[in-house]
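*Asks:* Here you go, one structure.
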Amino acid sequence: MATTEVVQSRRIVTEIPGPKSRAIQERRSAAVAQGVGSTLPVYVEHAGGGIVEDVDGNALIDFGSGIAVTNVGNADPRVVERAAEQMGRFTHTCFMVNPYESYVEVCEALNRITPGDHEKRSILLNSGAEAVENAVKIARNATGRQAVVVFDHAYHGRTNLTMALTAKNMPYKQGFGPFAGEVHRMPMAYAYRWPTGPENCGPEAAAAAIEQITKQIGAENVAAMVIEPIQGEGGFIEPAPGFLPALVEFCRAKGIVFVADEVQTGFARTGDMFACEHEGVVPDLITTAKGIAGGLPLAAVTGRAELMDAVHGGGLGGTYGGNPAACAAALASLEAIESDDLVGRAREIGALMLDRLRTLADKYEVIGDVRGRGAMVAIELVKDGKEPAIEALAQVVAHCHSRGLILLSAGTYGNVIRMLPPLAISDELLREGLDILEEGLAGL
């Protein structure tokens, strides 16, 4: 099946949003629940590479990737062809009723590429939140324990359990309680804001978390520790060196299942296939979604065979989990990541972006911190020391949107600009997008 060729250049022909987008937005207000937000209400017609084209004919530079989903680029021809071919054969049988080979193939691929050379099993699901929830189910079942440890600034989803695991109240938790119990939050190794300085952050944060777990919960009561190897919604917080390895060592010694939530960081996004590989961390369970299937909804839990197989027959699954079209898309996407060396491309993107962002940090005092790895980078905006510069962020993001650059905000304090360009983006578009970002910073 042919895909629409998207010219890889920015083009602005109307105000942003344009008249056609505004007209659709009016219809949306009468049809879609107000609780569903949109970062930039330009309605999309086509997308590919590093460009998103709207219904008004504007072409915007994509620094969002649908929140780290279109790692291989939007409408990658290999993904489209394989998913369309599958759709022509059958769209659904439910793997739990009549299984199909592509589900098995995706699980085989995940077992092969996720960290560790131990024997693994996988299950396929629909969303990142569903994957995290199932990882907790598996850990509780396998250990016979109940408590779950999570961290400050964490985001794990919008279901009841994953809202409990998530740190930030607004907009994710406000008014939706009561939440699932036996969830305990520990300090995060947030180097930029660590009281004794970034050089002390990793070991001190790990020691504080371990002491809290030992004294307040009891390690023997903890089923799982769940952590993002780089926190996403929390503000792209990269744990200080040594923090994750120390936690893994503690979990191994105490029989706690270590769960790496790689929903946003996985599939070449950070310059490794999975972010936890950066410090050689091998999780017991790893949750994935977002970048797995080139834009189709799919998620997974992959982990040690003895943990995954501990659950009784029928205890895991779901009607749509591992939909055949999504499985076909995932196989094509995973092949593209490996054949196009998108791990290497993410490192190139990171080198280009971080170098430029650090130059901007030297020039503009409002940038308090530059952080991230690969094509997952961010700047934290501050004033008067380290006070969050929320108004400045809003001004910069609004400028970038008006000039045709899709940016996302994040952070517990609402002052982080996060950048997640597709790994298919060109260097020219990256540089142009960063030029627009600098215009916004210069206008403060």
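The values are calculated or read from the model by the stated rules, or taken from the named source; none is laboratory data. Computed from a predicted model, the values in this text were never measured in an experiment. Glycine also receives a Cβ, built like all others from the backbone with ideal geometry; neighbour counts cover every protein chain displayed.
*Asks:* Filter the range 356-393 for residues that are touching a strand residue (DSSP E or B) at 6+ places or on another chain (Cβ under 7 Å), assigned to a strand (DSSP E or B) and among the hydrophobic types (A, V, I, L, M, F, W, C); which is surrounded by the most Cβ atoms within 10 Å (Cβ to Cβ)?
*Replies:* 381
*Asks:* One residue is enough: does the range 147-154 have a residue meeting the conditions crowded, with 19+ Cβ neighbours inside 10 Å and in a helix (DSSP H, G or I)?
*Replies:* No, every residue in the range 147-154 fails to be crowded, with 19+ Cβ neighbours inside 10 Å and in a helix (DSSP H, G or I).
*Asks:* Moving to a separate point now. So, in the range 98-113, of the ones that are touching a Ser or Thr at 6+ places or on another chain (Cβ under 9 Å) and over 16 Å from residue 293 (Cβ atoms), which residue ends up surrounded by the most Cβ atoms within 10 Å (Cβ to Cβ)?
*Replies:* Within the range 98-113, the match that is surrounded by the most Cβ atoms within 10 Å (Cβ to Cβ) is 111.
*Asks:* Only residues that are part of a helix (DSSP H, G or I) and touching a strand residue (DSSP E or B) at 6+ places or on another chain (Cβ under 7 Å): list them for the range 410-436, please.
*Replies:* Listed by number, the residues that qualify are 429, 432, 433, 436.
*Asks:* Just checking, which of 123, 138 is part of a helix (DSSP H, G or I) and surrounded by 15 or more Cβ atoms within 10 Å (Cβ to Cβ)?
*Replies:* Only one candidate passes the filter, namely 138.
*Asks:* Please enumerate the residues belonging to the range 91-149 that are farther than 26 Å from residue 332 by Cβ and within 23 Å of the chain's Cα centre (by Cα).
*Replies:* 133, 136, 137, 138, 139, 148, 149
*Asks:* Now a separate question. For residue 254, state whether it is touching a helix residue (DSSP H, G or I) at 6+ places or on another chain (Cβ under 6 Å), among the charged types (D, E, K, R) and crowded, with 24+ Cβ neighbours inside 10 Å.
*Replies:* Taking the combined requirement at face value, the residue does not satisfy it.
*Asks:* A further question follows. Name the residues in the range 394-444 that are over 22 Å from the mean Cα position of the chain (by Cα), surrounded by 21 or more Cβ atoms within 10 Å (Cβ to Cβ) and not hydrophobic (A, V, I, L, M, F, W, C), would you?
*Replies:* 404, 440
*Asks:* On the given criteria, is residue 61 closer than 25 Å to residue 344 by Cα, surrounded by 17 or more Cβ atoms within 10 Å (Cβ to Cβ), in contact with an Asp or Glu (Cβ under 8 Å, 6 or more places away or on another chain) and modelled with pLDDT of 95 or more?
*Replies:* The answer is yes for residue 61.
*Asks:* Here is a follow-up. Of all residues in the range 26-42, which are free of Cβ contacts under 8 Å to residues at least 40 places away in the same chain and either under 25 Å from residue 414 (Cα atoms) or in contact with a strand residue (DSSP E or B) (Cβ under 8 Å, 6 or more places away or on another chain) (or both)?
*Replies:* 33, 34, 35, 36, 38, 41, 42
*Asks:* Which residues, counting only those in the range 1-48, are small (Gly, Ala, Ser) and over 21 Å from residue 62 (Cβ atoms)?
*Replies:* 2, 23, 29, 30, 31, 33, 35
*Asks:* Here are some residues: 48, 37, 88. Which one is within 22 Å of residue 325 (Cα to Cα) and under 21 Å from the mean Cα position of the chain (by Cα)?
*Replies:* Selected residue: 48, the only one of 48, 37, 88 that is within 22 Å of residue 325 (Cα to Cα) and under 21 Å from the mean Cα position of the chain (by Cα).
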